[in-house]
Amino acid sequence: MNNSDQLKHNVAKEAVKYVKDGMKLGLGSGSTMYFFMKELGERVSNGLKVIGIPTSNKTAEWAKEFNVPLADFSQIQELDLAIDGADEVDPNLQLIKGGGGALLREKVVAAAAKEFLVIADESKVVENLGKFPLPIEVIPFGWEVTANKITALGCELALRKVNDQIYITDNGNYILDCKFGRIQDPEKLNRELQSIVGIVENGLFINIASKVLISNPEQVKVME
Ligand code: 5RP
């Protein structure tokens, strides 16, 4: 395992301690969550009873692989705990998420949870959000118009592509990766983005995280 994976694994091992028997979980997305799903699967095989709602098709695949029971929102509407990774975390626990393209379902799941636990390694901690391009999910219809309105807020953006093909989210939408540079006021930018028609959701997670676990080579620290 390389150093980066080791840090992800360490923080995942710590996070799984927050899971208690009988909990209804929100299961985030991304490579750090892969290690969490593996650890959770191990606890399930030792008798832990949980049920989880996945935030992406990939996480649902991992749940299957590690025998973690899944549910959907037709069965449960309130979650005890959601666990997820992040692309940036600031000192006020505000986040940028969506590097993996799952931000919409991640936000819906986080909003349904009593607690939202974020797991990351120290490379994700920043003084100010914005170095990581902010992912914004938009509907394909008229995305060019939506993009112009976002650009007017002061960013350069790119339509996300993978292997020269437009990236399509699990919800059938597009992602615009928006370089704002240093975001002075994340709450204000979030409000401005929410008012633009055509945007489904943006990757700013404002006042949503309850606790952030951060791993460095020596330890896992708690930010709250
Ligand atoms: C996906 C996300 C991920 O949580 C975020 O990109 C972090 O991923 P990783 O653990 O691979 O660094 O928001 O939409």
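Values in this text are rule-based calculations from the coordinates and carry no lab data. Here the structure is a predicted model, which is why all the values come from computation and not from measurement. Neighbour counts are summed over all protein chains in view; Cβ atoms, including those assigned to glycine, are modelled from backbone coordinates with ideal geometry.
Top mean-square fluctuation among G30, G41, G172, Gaussian network model of the chain, C-alpha springs under 10 Å?
G172
Starting from the Cα of Q75, move 7 Å in the Cα-to-Cβ direction to define the label point; list residues of the stretch 30-60 whose amide nitrogen is under 15 Å from there.
49-55, 60
Assuming 1.002 mPa s and 20 °C, estimate D for the stretch 134-200 with Stokes-Einstein, Rh taken as the Kirkwood radius over Cα pairs, in µm²/s. Could you put the intermediate results ahead of the total?
Values: Rh = 12.2 Å.
For the chosen part, D equals 176 µm²/s.
With a ≥ b ≥ c the root eigenvalues of the C-alpha gyration tensor of the stretch 155-194, is it rounded (a/c under 1.5), prolate (a/b larger than b/c) or oblate? Display every interim value, and only then the final one.
Values: a/c = 4.03, a/b = 1.83, b/c = 2.20.
Note, shape of the stretch 155-194 comes out oblate.
So how strong a dipole does the stretch 134-200 carry about its Cα centre when Lys and Arg Cβ are +1 and Asp and Glu Cβ are -1, to the nearest 20 debye?
Details: 7 positive and 9 negative charges, 27 e Å.
Around 120 debye, computed over the stretch 134-200.
Return the single residue from L104, L27, L159 with maximal mean-square fluctuation; model: Gaussian network over the chain, springs between Cα atoms under 10 Å.
Ranking L104, L27, L159 by mean-square fluctuation puts L159 first.
Of G26, T169, A158, which is farthest along the charge dipole of the chain in the positive direction, counting Lys and Arg as +1 and Asp and Glu as -1 at C-beta?
G26
Highest GNM mean-square fluctuation, the chain, Cα pairs closer than 10 Å: which of D87, D121, D164?
Residue with maximal mean-square fluctuation among D87, D121, D164: D164.
Quick one: work out Rg over Rh on the C-alpha atoms of the stretch 12-166, Rh as Kirkwood radius.
Working: Rg = 16.8 Å, Rh = 16.7 Å.
Ratio of gyration radius to Kirkwood radius for the stretch 12-166: 1.01.
Cross-link candidates for K179: which lysines have Cα within less than 23 Å, leaving aside residues fewer than 8 places away along the same chain?
Of all the lysines, those that pass the test against K179 - Cα under 23 Å, at least 8 places apart if same chain - are K97, K107, K124, K131, K149, K161, K188.
Can you give the FRET efficiency for Q165 and N128, using 1/(1 + (r/R0)^6), R0 = 45 Å, r = Cβ-Cβ distance, to the nearest 0.05?
Working: r = 33 Å, r/R0 = 0.73.
After rounding to 0.05, the efficiency reads 0.85.
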